[in-house]
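Bear in mind that the values in this text are calculations on the coordinates, not laboratory data. Please read these numbers as outputs of a predicted model, since none were measured by experiment. FYI the Cβ positions are ideal-geometry reconstructions off the backbone, even for glycines, and counts take in every protein chain you see.
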Amino acid sequence: MPTDIHIDKADQADDHNERGISFFNLQRYPDAIKEFTRAIKIIENDPDYHYNRGLTYYSMKMLEQAIKDYSMAIELMPEHSDYHNAIASAYEDLAEFQKSLDHFNQAISLEGDIPDYYYNRGNLHRKMGNPGAALNDFSRAVELNNADLIFLYRRYEMEMEMEKYQDALRDMETAISLVPSNPYYYMAKAGVLTRMNKQDEAKTALENGLSIIPDNPDLLKALENL
């Protein structure tokens with residue numbers, strides 16, 4: 001009989017958690033909070049319930065509450081890399097950069113092949129004024145997933161800041177080869193070439209873009225301003 005009661009409680013808690021996830025996906029965050037809280041009241045030691053409520057608080061910009069829930073999830077399951085990544089993002093938003101860095105480091109030490117972790121840590125390093133570390137992290141994210149162009153574009157931005165123009169040019173040429181219909185990649189390439197004092201090549205880059213995306217107003221304006 002006690003076993004049956006335990007199973008019934010687990011099912012009830014899971015039902016509330018699933019409803020909370022549904023409300024979260026609908027962006028009905030207060031309703032999601034209520035459901036995750038009901039799940040936690042039934043079973044307090046399930047880390048996912050605390051994590052899910054933490055994600056909801058985070059989406060509501062209630063960062064201190066999110067950190068409390070993330071911290072409880074980590075206490076219950078310290079080897080879960082996603083929990084460390086999540087709390088690191090909350091600390092970053094609170095400008096508690098060292099705490100954020102510690103948790104991003106922990107997430108990566110637990111699971112070192114997740115590109116988003118490197119991307120997130122790279123953004124933090126950039127805020128902290130560590131351009132070399134940021135560039136290394138963005139490069140690692142690209143190595144792990146070269147199909148996600150946000151990683152490539154962020155590396156390009158870092159290369160531009162560090163005046164690594166040849167590397168930045170290479171990345172924009174790669175981006176254009178992957179998504180030739182994006183006008184901003186041609187504009188970015190032209191921007192690199194302009195920094196390199198290659199105005200004629202910059203003009204050609206914009207014209208190449210217009211040959212694929214005719215009459216694009218952004219490309220036309222960039223060409224006019226060159």
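Here are some notes:
- Cα-only Debye scattering, region 102-185: base-10 log of I(q)/I(0) at q = 0.21, 0.22 Å⁻¹: -0.92, -0.99
- Region 65-136: C-alpha gyration tensor shape, a/c 1.5 cut-off, then a/b vs b/c: oblate
- Fluctuation leader among Ser177, Ser81, Ser71 - the chain, Gaussian network, Cα springs under 10 angstrom: Ser177
- For region 166-226, with +1 on Lys and Arg beta carbons and -1 on Asp and Glu, the positive-most of Ile212, Leu178, Ala190 along the dipole: Ala190
- Among Gly129, Gly20, Gly209, residue whose mean-square fluctuation peaks in a GNM of the chain (springs only between Cα atoms under 10 Å): Gly129
- Among Ala134, Ala32, Ala147, the residue with the largest mean-square fluctuation in a Gaussian network model of the chain, with springs joining Cα atoms closer than 10 Å, is Ala147.
- Once you divide the Cα radius of gyration of region 15-65 by 2.2 N^0.38 Å, the number left is 0.99.
- Long hydrophobic helices in the chain, taken as whole DSSP H segments with a C-alpha length of 27 Å or more on their own axis and mean Kyte-Doolittle hydropathy at least 0.0, are absent.
- Charge context of Glu96, other residues only, Cβ under 15 angstrom, K/R +1, D/E -1: 0
- Spatially proximal lysines relative to Lys164 (Cα-Cα < 28 Å; intrachain offsets below 8 disregarded): Lys127, Lys189, Lys198, Lys203, Lys221
- By the helix-only formula, in which each DSSP H run with n ≥ 4 contributes -39500 (n - 2.57) and the sum is divided by residues, the chain has a 222 nm mean residue ellipticity of -26000 deg cm²/dmol.
- Mean projected area of the Cα convex hull of region 166-226, taken over all directions, amounts to 3.4 nm².
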